[in-house]
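This report refers to the structure that appears directly beneath it.
The values are calculated or read from the model by the stated rules, or taken from the named source; none is laboratory data. Quick caveat, the model's predicted, so the values are computed rather than measured. In this analysis, Cβ positions are derived from the backbone assuming ideal geometry, glycine residues included, and neighbour counts consider all displayed protein chains. Surface accessibility is based on the protein's heavy atoms, side chains included, excluding ligands, DNA and RNA. Shrake-Rupley method; radii C 1.70, N 1.55, O 1.52, S 1.80 Å.
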Amino acid sequence: MKASKMLISTLKEAPQEAKIDSHILLLRAGLVKNQVAGVYQFLPLGVRVLQKVENIIKEEMDRAGSLEILCSALQPKELWTESGRWNKYGPELMRFKDRHEREFCLGPTHEEIFTDLVRNLVKSSKSLPLNLYQIQTKYRDELRPRFGLMRSREFIMKDAYSFDKDEAGLDQSYQLMYDTYTKIFTRLGLHFQTVLADTGNIGGNGSHQFMALSDIGESEIVYCDDCKYAADVEKATDQLIATPKEKELPLEKVETPHKRTIEEITQFLGVDSKKTAKTLIYHDYMNQKLVAVMVRGDREVNEIKLVNALNSNENYLELATDEEIRSIGSYHGFVGPVGSKVDVYVDVEVAQMSNFIVGANELNYHLKNVNYGRDFTGIVTDLKKVQAGDLCPVCGRPLKQERGIEVGQIFKLQTKYSSAMNCVYTNEEGKNVPMVMGCYGIGVSRTIQSIVEQYHDDAGICWPILVAPYHVVIVPIHYADEDQRNLADQIYETLNAQSVEVILDDRDAKPGFKFKDWELIGIPFMIVCGKRSAENIVEFKVRSTLEKKEITSDIAIQTVLDAIKNL
């Protein structure tokens, strides 16, 4: 491809809406262009990267025996009503009516569609196991689209669904997809960690996420170097430190004027935060009730665990307002479980504590020497957010913590959708049995940005050669110069004949301008034809290391061929 025929839309400055490096570089390098908030167009260079990522995914899915289909993004309400998700999914579901007042949504995911398809096409156990996948655009009405392709309203996703006769079959299908995803992300060059995960709106029992490690990742993961336990903090548990029960002391009300936070209380009363418990009031809009949630004073509430305990949805859960807190006879900053007028959900760690401090449900007062069971009761469950330093639930060693970008997730759906939607097969006894399902997703567009986040420097993107938009660019310093033009054309034709993806920068522009463009875009190799072109000598640059050296054009050509021969 000659650069004069390409749409090269690089930008000198970072667009205002871009805040993180990968988002900035995707826009500046002209791979994508913002349409409206959370909606992006892929430009020619971006499409080439997209197609390469998709091809790697397809190759590995095909090797695993999965069959590709393509479904509509337009989904009827009736299927979502069957599964029970029309009301539960939340405001992220883009709903609308057609001219006949029939209700539809734009699919954020495709469990209902695939289940409906298979229940109509598969009846016999002889057709099982079955694994179907697609790569398709999804839609979610994100409240705050941000970080470019990381959190957008329209995105490209690979989703697959397995259908088995029983749990043993699901276990095999799940492990196959686990291994397949490991191969995909390894081929893409990502540094990733596989972690236990919450099932969220998809549902089911059992899930793993594939996290591209990055300081800007929206997800936090904890892991153990010793036994290799790893989990998203939404799912992570820890091993409680056994503490002997103290002798219960008499309950005591103490005045704490204007001391609302844990930090203020501990300083005022001269106690450790581990001897306090905070009580937060949440409004669960799905179940139309207020609930009290207790964790130790130095902890945070894990709202995903709380949602699961409430059988609710995170989109319908909010902290209560001051007015709502007053409606149950308490005050912000002084809420406590003793005498609570709403259900109290108690973290297991709090239930084991002795003689701790809580709010007194009275303005400017707290209670000392509170004990679970004697002074209050509640629903005891795991509600805290695990953090670095907590003990591994498997081996008891201290956990470490990192941030990651979720690029893939796999789920054991079991019969959640097949039972609700009557997706059955007939067994040897002639009975209809619900198929046992799995679900497997990869955020394709998000994966592209994750690669950029891991592979860039101050000059721009450093694409791994397997997904780079082109393998090599030839840059004559002055294309009008006969020697430079002849050598550049010769190298270009030779590489083209060898099926190398090559660009010839024949633009009438200053050399520095050209160099900056290609370094920003991230083409792996650059061959510069300059003043020694008559001697058949070029400058060869490697984008990933910024290493450059003078070599013959023949050696430059062979170096490129060697680099791509095993792609």
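Could you tally the net charge around GLN490, taking each other residue with its Cβ under 13 Å from the Cβ of GLN490, Lys/Arg +1 and Asp/Glu -1?
Surrounding charge for GLN490 is -4.
What is the extension gain from LYS510 to VAL394, computed as 0.36 nm multiplied by their sequence separation minus the C-alpha to C-alpha distance, in nm to one decimal?
Here the answer is 35.7 nm.
For helix 167-187, report the angle its Cα long axis makes with the longest principal axis of the Cα atoms of the chain; keep it between 0 and 90° and round to the nearest 10°.
Around 50 degrees separate the two axes.
Can you run phi through the Karplus equation (6.51, -1.76, 1.60; θ = phi - 60°) for region 542-558 and list ³J(HN,Hα) in whole Hz, with x for Gly and Pro?
Rounded to whole hertz, the list is 9, 5, 5, 10, 6, 6, 9, 7, 8, 9, 6, 5, 5, 5, 4, 4, 5.
So what's the angle, to the nearest 10 degrees on a 0 to 90 scale, between helix 44-63 and the longest Cα principal axis of the chain?
70
Can you give the accessible area of TYR174, probe radius 1.4 Å, in Å² rounded to 10?
10
Rounded to the nearest 500 deg cm²/dmol, what is the calculated helix-only ellipticity per residue at 222 nm for the chain, with -39500 (n - 2.57) per DSSP H run of length n ≥ 4?
Value at 222 nm, helices only, nearest 500: -8000 deg cm²/dmol.
Mind checking the per residue accessible area of the chain for me, 1.4 Å probe, whole number of Å²?
46
How many nm is it between the label spots at SER327 and ASP141, if each spot is 7 Å from the Cα in line with the beta carbon?
2.4
Give me the percent of the accessible area of the chain that comes from carbon and sulfur atoms, probe 1.4 Å, all protein chains in place.
48
Counting GluC sites (Glu not before Pro) as exposed when in a DSSP loop with at most 10 other beta carbons within 10 Å, what is the longest stretch of the chain free of them?
Counting only loop sites that pass the neighbour cut-off, the longest clear stretch is 102-427.
Answer rounded, prolate or oblate for region 53-111, using the Cα gyration tensor with square roots of eigenvalues a ≥ b ≥ c: rounded when a/c is under 1.5, else prolate when a/b is larger than b/c, else oblate.
prolate
Determine ³J(HN,Hα), in whole Hz, for all residues of region 518-531 in sequence, where each value follows from phi through the Karplus function 6.51 cos²θ - 1.76 cosθ + 1.60 and θ = phi - 60°; x replaces Gly and Pro.
Calculated HN-Hα couplings, in order: 6, 5, 5, 5, x, 5, x, 10, 10, 10, 9, 9, x, 5 Hz.
Let me check I've understood the local charge: for ARG260, count other residues with C-beta under 14 angstrom from its C-beta, Lys and Arg +1, Asp and Glu -1. What total comes out?
-3
If you project the alpha carbons of region 420-567 onto their three principal axes, what span does each projection cover, largest first, in Å?
82, 33, 25
What percent does the relative contact order of the chain come to when contacts are Cα pairs within less than 8 Å and at least six residues apart?
17
Provide, for q = 0.17 Å⁻¹, the log10 of I(q)/I(0) from a solvent-free Debye sum over equal Cα point scatterers in region 204-319.
Values returned for q = 0.17 Å⁻¹ are -1.14.
Of all alpha-carbon pairs in region 104-148, indicate the percentage at a distance above 12 angstrom.
Here the tail beyond 12 Å accounts for 73 percent of pairs.
Determine the gain in length on full extension of the stretch LYS33-ILE379; use 0.36 nm per residue of separation and subtract their C-alpha separation, reporting nm with one decimal.
119.6 nm is the gain from fully extending LYS33 to ILE379.
If Lys and Arg each add +1 and Asp and Glu each add -1, what is the summed charge of the other residues whose beta carbon sits under 15 Å from the beta carbon of LEU561?
Charge balance in the 15 Å sphere: -3.
Just to be sure I understand: if I project the alpha-carbon convex hull of region 37-86 onto a plane and average over all orientations, what area do I get in nm²?
Averaged projected area of region 37-86's Cα convex hull equals 6.0 nm².
Ratio to report: Rg/Rh of region 93-234, with Cα atoms as the point set and Rh obtained by the Kirkwood method; give two decimals.
1.00
Apply the Karplus curve 6.51 cos²θ - 1.76 cosθ + 1.60, θ = phi - 60°, to the phi angles in region 144-154 and return the couplings in whole Hz, x for Gly and Pro.
Those phi angles translate into 9, x, 7, 6, x, 6, 5, 9, 10, 8, 10 Hz.
If amide H atoms are built 1.01 Å from N in the plane of the peptide, which residues on other chains or at least 5 residues away come under 5 Å of the amide H of TRP86?
THR81
In Å, what is the Rg of the alpha-carbon atoms in the chain, and how long is Dmax?
29.0, 96
Please work out the Cα center distance from region 105-183 to region 522-567, rounded to the nearest Å.
Cα centres, region 105-183 to region 522-567: 43 Å.
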